[in-house]
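A short reminder: the numbers here are calculations on the coordinates, not readings from a lab. Since the model is a prediction, treat every value here as computed from it, not as a measurement. Quick reminder, even Gly has a Cβ in these numbers, built from the backbone with ideal geometry, and neighbours come from all protein chains shown.
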Amino acid sequence: MAAQTADSPTPSDDAVTTDEAKPARIGGGVQSLERAFAILETLADAGGVIGLSQLATDADLPLPTIHRLVRTLVDLGYVRQEPSRQYSLGPRLIRLGEMTSKMLGTWARPHLAAVVEQLGESVNLAMLDGDEIVYVGQVQGSRNSMRMFTEVGRRALPHATAVGKAILAQESDADVRALLARTGMPRHTEHTLTTAAAFLAELAETRRTGYAIDDGEQELGVRCVAVPVLDAPRLLALSTSGPAPRMTDAFVAEAVPLLAEAAARISAEVGRR
């Protein structure tokens, strides 16, 4: 008889332990559902791929329970078994993730609108999607009199945007260099940063101050200030932008704490567990 490994199905998979004889409820929730989502989150935290024994350890669940729940998730397409016998996040999660990303702008809109009401300028929400920045939310300001780049759905490379700087300031310099090597740093205006060294220096300043500035680097005549949305499940940033003559240093000093407060509220909402 072939020896069984910890990552192989065992005859005990079909045995229902005492605490699983019925869908126990803890804290008003169904325990089996909470455990299934704990498995998915543990897979995500592990980088998307993990062995079954390590999954049981990291999720703090008994191995027979992990076997049973993972098999169900595999059957549903939310988890995939790799040739290595490790497990990874499954393809059915892609549709859910894409729809959730589209909904981010809707969920964040009240928080963006609150900042617009105080500042009068447009406020934007953007996220890192692969190697690009994509704008997923916007509320236009009452003083808005010009068409700007930051429309919902628009994509940009991170090096020429304040939201890109605010987002990448959360990453290591090595990861940023790797991204810049993949994307290049094309020049959009005379102010665009086009070297990794200059961009990394800008990120260091962003980490020090807590906010990033795009001073005509993406569009001439437009200035933008952005703050990161920390502790969110995606790399996000919130910004306000407008004609450079109105986006003075005094305006930036007023805008940053308002943006940071809104970013904290968005983080609390989208990061809620």
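See the values below:
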| read-out | value |
| --- | --- |
| Cβ-based exposure ranking for Phe251, Phe199, Phe37, in which fewest neighbours within 10 Å come first | Phe37, Phe251, Phe199 |
| Exposure proxy order (Cβ contacts within 10 Å, fewest to most) of His191, His159, His111 | His191, His111, His159 |
| Estimated vicinal HN-Hα couplings, Hz - the stretch 240-253 in sequence order (Karplus 6.51, -1.76, 1.60; Gly, Pro = x) | 10, 9, x, x, 3, x, 8, 8, 6, 4, 5, 5, 4, 4 |
| Residue order, fewest to most surrounding Cβ atoms within 10 angstrom, among Tyr87, Tyr78 | Tyr78, Tyr87 |
| The stretch 94-270 - percent relative contact order, Cα under 8 Å, separation 6 or more | 22 |
| Modelled FRET efficiency - R0 30 Å, Asp58 with Gln81, Cβ distances, 0.05 increments | 0.95 |
| Theoretical FRET efficiency, 1/(1+(r/R0)^6), r = Cβ-Cβ of Arg177 and Arg265, R0 35 Å, to 0.05 | 0.60 |
